[in-house]
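Novice: Just passing along the structure, written as structure tokens.
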Amino acid sequence: MEQIRAGEAIDTIALLPASRGQLLDSATRVSDLISLASAVRLGTESGELIDQIRGLEDLKSAISALHARAAVAFDLAQRAEQAEAGVPASERGQGVGAQVALARRESPNRGSRLLGLAKALVMEMPRTLAALQSGQLNEWRATLLVKETACLSVEDRCAVDEELAPDTGTFDGKGDKAIVAAAKAAAYRRDPRSVAGRASRAAAERTVSLRPAPDTMTYLTALLPVAQGVAVYAALTRAADSARSSGDAGSGSASDSGSAVPTRGQIMADTLVERVTGTPGGISGINLNLVMTDRTLFQGDSEPARLQGYGIVPAEWARALLTEEDGNPKEQRGQDKPLAERNEFQVWLRRLYTAPTSAELLGTDSKARFFPRRLRRFVETRDHTCRTPYCDAPIRHIDHIVPWQGGGETSLANAAGLCEACNHTKENPGWTAKVTSGNGTSERSNAGNDTAAGTMTGEVHTFEVRTPPGHRFLSRPPPLPGHQAKQSGAERTEGKPLGAEPTRAKLTGAEPAGAGPTR
């Protein structure tokens with residue numbers, strides 16, 4: 001660790017003005033670099049400007065290398081501090097990736113990957129690190145080299161790093177595919193059995209994921225073994241070709257796109273939805289929590305709505321989803337379709353009341369050990385995604401800020417929606433969390449001796465996380481639709497007392513048949 005720190009100090013001081021002449025702490029050095037960057041003046045001619053762009057790219061790579069050394073030094077320092085505190089060896093280093101993520105304004109998942117990249121570069125691939133430092137590789141291409149050698153032993157990985165020698169300009173002018181191919185070939189020559197084993201174990205990583213896409217669309221991605229993936233694609237292709245040759249536009253929304261003849265891709269998408277869900281529209285016995293203002297629903301207001309699991313959607317699209325059978329104008333719908341083939345579902349309205357000054361969602365407490373279904377739904381609607389700063393993963397756990405075993409109440413004041421990784425990270429030694437305003441104030445640490453207030457103030461539910469070194473990060477839930485447009489800046493001032501009647505929003509959703517409306 002001392003060698004890493006020494007190298008960091010030398011490299012950093014070399015970038016400072018020679019007139020400084022004295023050693024400064026690391027925070028001051030970084031702030032000086034920021035000041036120097038802000039003092040750079042852009043050139044006036046094309047040649048000078050392109051030289052500056054190239055130089056800035058080299059600087060980004062050098063900073064990435066410095067990032068890696070700093071992350072490894074921080075990991076070693078944390079492990080040493082945890083050892084002094086008596087933490088078992090098997091538990092040392094937990095939570096370090098999450099702290100790196102918070103410092104870099106990234107999600108905890110990406111923070112762990114960045115820490116792993118840093119360790120591989122600093123400890124096992126010095127020539128790749130040198131190429132990153134000199135600007136011959138950027139951070140992404142260094143990541144590709146680390147990824148393609150991950151299955152090798154430390155000795156073999158060092159040998160591949162020496163064989164490729166990225167710091168000698170081996171990859172000058174090469175693209176991502178060429179770099180990956182070279183790394184794969186070198187890895188296979190060193191340890192073909194490990195590379196083959198990695199391919200056979202990859203089947204265990206098969207999964208399906210969903211990500212938002214622009215214009216109220218989503219990316220449904222399936223990671224499958226190559227044989228299964230090719231088979232699925234071939235089946236969809238055959239179905240699309242058959243439908244097009246027979247003149248059948250297929251069921252679903254392909255014919256609703258405005259084109260006279262559905263494209264092959266549209267028919268493939270519709271076939272996938274119908275075969276997986278069993279219904280042409282894909283909506284079958286599920287809840288679609290759509291939050292919108294009463295003005296948007298009843299008065300044609302343009303304030304956007306929010307769809308749980310996706311994000312912001314246009315007001316017109318949200319109204320169409322509720323008022324039309326398939327969310328499209330009548331003239332674009334197949335009116336001659338049988339009723340069973342229309343995308344119909346029941347719509348239930350649930351009124352949500354928010355504080356007029358803060359848009360804080362109001363509610364009541366519960367004495368139960370586990371969060372009841374309706375209270376869980378309340379917290380999920382309020383928080384939308386994981387409440388950890390910079391993490392926008394879906395909510396998986398409704399967390400007791402003050403642990404239940406430490407006297408914490410099962411209440412809105414003591415509840416936060418978290419992803420699974422963030423909930424586990426907060427249990428590590430030295431991490432503390434509390435709600436500083438909104439629905440009372442509660443605090444939680446790994447000791448579990450704090451208490452929580454349960455008052456309903458209407459202030460924004462502000463969530464604070466403190467890492468073991470004492471850094472503080474705040475998070476607030478996103479405002480419900482309508483608040484920003486309705487309230488002025490003065491009215492949104494934090495801590496302002498509640499005014500008149502709470503404002504009202506609408507939570508609409510498609511629920512299974514037989515479910516009653518809730519208010």
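Novice: Per residue, how much accessible area does the range 94-167 show when a 1.4 Å probe rolls over the protein heavy atoms, in square angstrom?
Specialist: On the way: 3000 Å² over 74 residues.
That works out to 40 Å² for each residue.
Novice: May I pose another question? What accessible area, in Å² to the nearest ten, does a 1.4 Å probe give for Glu91?
Specialist: 80 Å²
Novice: Sticking with this one: Quick one: check the C-alpha center-to-center distance for the range 81-108 versus the range 178-205, whole angstrom.
Specialist: 30 Å
Novice: Let a ≥ b ≥ c be the square roots of the eigenvalues of the Cα gyration tensor of the range 56-108; is it rounded (a/c under 1.5), or, if not, prolate (a/b larger than b/c) or oblate?
Specialist: On the way: a/c = 4.20, a/b = 2.19, b/c = 1.91.
Since a/c reaches 1.5 and a/b is larger than b/c, the shape of the range 56-108 is classed as prolate.
Novice: Okay, next question. Testing the spin-label approximation: label points 7 Å from Cα along Cα→Cβ at Arg193 and Arg110. State their distance in nm.
Specialist: Those two pseudo-labels are separated by 3.9 nm.
Novice: Tell me, what is the 1.4 Å probe accessible area of Asp392, in Å² to the nearest 10?
Specialist: Estimated to the nearest 10 Å², Asp392 gives 120 Å².
Novice: Ranked highest first by the average count of other Cβ atoms within 10 Å around their residues, in what order do 267-278, 202-213 fall? Write down the numbers at each step before the final one.
Specialist: Numbers: 267-278: 17.8, 202-213: 10.7.
Going from most to least packed, we get 267-278, 202-213.
Novice: Between Glu48 and Ser90, what is 0.36 nm times their sequence separation minus the Cα-Cα distance? Round to one decimal in nm. Intermediate values should be presented prior to the final figure.
Specialist: Values: separation 42, 0.36 × 42 = 15.12 nm, distance 5.36 nm.
Computed gain between Glu48 and Ser90 is 9.8 nm.
Novice: What is the sum of charges, Lys and Arg at +1 and Asp and Glu at -1, for the other residues whose Cβ falls under 11 Å from the Cβ of Arg189?
Specialist: On the way: positive: Lys184, Arg190; negative: Asp156, Glu163, Asp191.
Summing Lys and Arg as +1 and Asp and Glu as -1 gives -1.
Novice: Still on this structure, I have one more. Can you compute the modelled spin-label distance between Ile312 and Lys174, with each label point 7 Å from Cα toward Cβ, in nm?
Specialist: 4.3 nm
Novice: Also, quick follow-up: Quick one: which of Lys119/Lys434; Lys147/Lys184; Lys147/Lys426; Lys60/Lys426; Lys60/Lys184 span more than 21 angstrom between C-alpha atoms? It would help to have the intermediate numbers written out before the result.
Specialist: Details: Lys119/Lys434 32 Å; Lys147/Lys184 10 Å; Lys147/Lys426 28 Å; Lys60/Lys426 32 Å; Lys60/Lys184 26 Å.
Among Lys119/Lys434; Lys147/Lys184; Lys147/Lys426; Lys60/Lys426; Lys60/Lys184, the Cα-Cα distance tops 21 Å for Lys119/Lys434; Lys147/Lys426; Lys60/Lys426; Lys60/Lys184.
Novice: Full extension from Arg396 to Thr263: what is 0.36 nm times the residue separation minus their Cα-Cα distance, to one decimal in nm? Don't skip to the end; give the middle numbers.
Specialist: Numbers: separation 133, 0.36 × 133 = 47.88 nm, distance 3.73 nm.
The span from Arg396 to Thr263 would gain 44.2 nm if fully extended.
The values are calculated or read from the model by the stated rules, or taken from the named source; none is laboratory data. Quantities reported herein were computed from a predicted structural model and do not represent experimental measurements. Cβ atoms come from the backbone with ideal geometry, glycine included; neighbour counts cover every protein chain shown. With ligands, DNA and RNA removed, areas are computed over all heavy atoms of the protein, side chains included. Shrake-Rupley method; radii C 1.70, N 1.55, O 1.52, S 1.80 Å.
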